[in-house]
Amino acid sequence: MSRLALASARAEAIRPFYVMEIMGRAERRPKDAPPVVSMVVGEPDFPAPAPVVQAAAQALAEGRIHYTSAIGLVALREAIAQDYADRDAIQVSPGRIAVTAGASAGLLLAMAAVINPGDEVLITDPGYPCNRQFVLALGGVPKTIAVRPENQFQPTAEEVAKAWGPNTRALLLASPANPTGCMVSEAEAQKIFQVIEDRAGWLIADEIYLRLVFAGHRRSLLCISENVISVNSFSKTYSMTGWRLGWLVVPDRLMPAIERLSQNLFISPSTLSQKAAIAAFHPESRRVADDYRARYVGQAQYLLPALQNLGFRLPAQPEGAFYGFFDVSALTDDSYALCEALCDKAGVLMAPGKDFTEVDAHRYLRVSFPKPLAQLQKGVARLTAFFS
Ligand SMILES: Cc1ncc(COP(=O)(O)O)c(C=O)c1O
């Protein structure tokens, strides 16, 4: 009898998002149940700005959708560089920018460029669940720093210094972060960078939510040094999740490695999306994206206090993105069971804490709110009925 070939142990070790189980559960709700209110996926509902859609239509009509350079179209890289100059007064040469298939490919490329097998990468807990998998896929060793609410769920320089060992190669942090929406201050990031530079390591900053800060202006951590690696994306800022386009900024000396990796792993990012994304930097697209951001601010102002009134505790106030990471231990001793009950009985979907943390996961859940206000209001009305 012949034996079937199986998936690798590494692939088998990757677990699915628990969020998917909640979403699968929602699909099994009775046919006559009212549609769910989803606060579960980190994805804006809005369309991409009109100039982006028009540029895509024009590119399609011209019919020239061939491979581009592995690091992307020069015109797009120049537009990204100009955006850093305009918004943050940071001079980034287009030669340091590589366009990628979303922040996801950016994270993979950045890690592939700096990690040797067996190298440790410091990641935060709570944090974005895929980070661990990127490190593991490259033969690295993820090591978590249990970040604390009193520090806005961000690492401190002291914690980084303490966690750094002889085999540590990099720290990956996100600011604003998923699942918390919390940010690291520029001053603390400076200190963290110093700790890392003293140890000849890399600071990888995932800045996918940088342009979705609620109040005031925050600069990219690229302002600290040319040696910071920054990962970014069109997905959230411009509501372009399905266009699969992002970018990386790296120091000059890393660019040849990034280009070779990108050539081999991807050939090039999507040409159609790149041609469209140039238009994301038009003033009209910027206006639309700013309007989306303003809506997230309004949604946060409504939803976060409304949930707090229901007994959800917010250990750290989000400063950007569209998430709240709540401690629900006053309502349940098992946040996953609560997410299941909210799905079944209230028709409201939330993401269980165990997708994002291994520290007291049962206490936490993540609420995602890039949804129309009316939907959020409906959700709160259902939750109010559920908890009363
Ligand atoms: C912190 C963080 N980084 C990266 C990503 C991946 O985004 P992209 O769609 O650009 O691949 C996400 C998506 O949710 C995210 O939350």
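The values are calculated or read from the model by the stated rules, or taken from the named source; none is laboratory data. No experiment lies behind these values; they were computed from the predicted model shown. Quick reminder, even Gly has a Cβ in these numbers, built from the backbone with ideal geometry, and neighbours come from all protein chains shown.
For the stretch 157-165, does any single residue satisfy the condition of being of a type outside the set (S, T, Y), within 16 Å of the ligand (Cβ to nearest atom), closer than 19 Å to I229 by Cα and buried (at least 24 other Cβ atoms within 10 Å of the Cβ)?
Filtering the stretch 157-165 for residues of a type outside the set (S, T, Y) gives 157-165.
Narrowing further to those that are within 16 Å of the ligand (Cβ to nearest atom): none.
Scanning the stretch 157-165, I find no residue that is of a type outside the set (S, T, Y), within 16 Å of the ligand (Cβ to nearest atom), closer than 19 Å to I229 by Cα and buried (at least 24 other Cβ atoms within 10 Å of the Cβ), so the answer is no.
Those residues that are outside any loop (DSSP other than H, G, I, E, B) and either outside the structural domain of W202 (by TED's automatic domain parsing) or buried (at least 22 other Cβ atoms within 10 Å of the Cβ) (or both), I need them from the stretch 223-233; list them, please.
Those that are outside any loop (DSSP other than H, G, I, E, B) and either outside the structural domain of W202 (by TED's automatic domain parsing) or buried (at least 22 other Cβ atoms within 10 Å of the Cβ) (or both): I229, S230, V231, N232, S233.
Find the residue count for the stretch 239-265, including only residues that are surrounded by fewer than 16 Cβ atoms within 10 Å (Cβ to Cβ) and out of contact with any Asp or Glu (no Cβ under 6 Å at 6 or more places or on another chain).
9
In the stretch 273-297, how many are buried (at least 16 other Cβ atoms within 10 Å of the Cβ), within 26 Å of A59 (Cα to Cα) and not β-branched (V, I, T)?
Adding up the residues that qualify gives 13.
Working only within the stretch 298-339, note down all residues that are in contact (Cβ under 8 Å) with a residue 24 or more places away in the chain, surrounded by fewer than 16 Cβ atoms within 10 Å (Cβ to Cβ) and in a helix (DSSP H, G or I).
G298, Y302
Only one residue in E120, E78 is touching a strand residue (DSSP E or B) at 6+ places or on another chain (Cβ under 8 Å) and either more than 15 Å from the ligand (Cβ to nearest atom) or among the acidic types (D, E) (or both). Which one? Even if it seems obvious, please write down each step before you answer.
Numbers: E78 fails: touching a strand residue (DSSP E or B) at 6+ places or on another chain (Cβ under 8 Å).
Of the residues listed, the single one that is touching a strand residue (DSSP E or B) at 6+ places or on another chain (Cβ under 8 Å) and either more than 15 Å from the ligand (Cβ to nearest atom) or among the acidic types (D, E) (or both) is E120.
Residues checked against (1) under 21 Å from the mean Cα position of the chain (by Cα); (2) within 16 Å of the ligand (Cβ to nearest atom); (3) modelled with pLDDT of 95 or more; (4) assigned by TED's automatic domain parsing to the domain that holds A110:
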| position | (1), (2), (3), (4) |
| --- | --- |
| S235 | yes, yes, yes, yes |
| L245 | yes, yes, yes, yes |
| L254 | no, no, yes, yes |
| R260 | no, no, yes, yes |
| L265 | no, yes, yes, yes |
| A294 | yes, no, yes, no |
| F312 | no, no, yes, no |
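Considering only the stretch 15-46, how many residues are within 16 Å of the ligand (Cβ to nearest atom) and part of a loop (DSSP other than H, G, I, E, B)?
Count: 10.
Identify all residues within the stretch 138-156 that are more than 15 Å from the ligand (Cβ to nearest atom) and among the aliphatic types (A, V, I, L, M); write none if there are none.
Across the stretch 138-156, the qualifying residues are L138, V141, I145, A146.
Right, G139: free of Cβ contacts under 8 Å to residues at least 12 places away in the same chain and at positive phi or not?
In short, no.
Failed condition for G242, given (1) assigned to a helix (DSSP H, G or I); (2) in contact with a Lys or Arg (Cβ under 9 Å, 6 or more places away or on another chain); (3) closer than 25 Å to H66 by Cβ, with all others met?
That leaves (2) as the condition not met.
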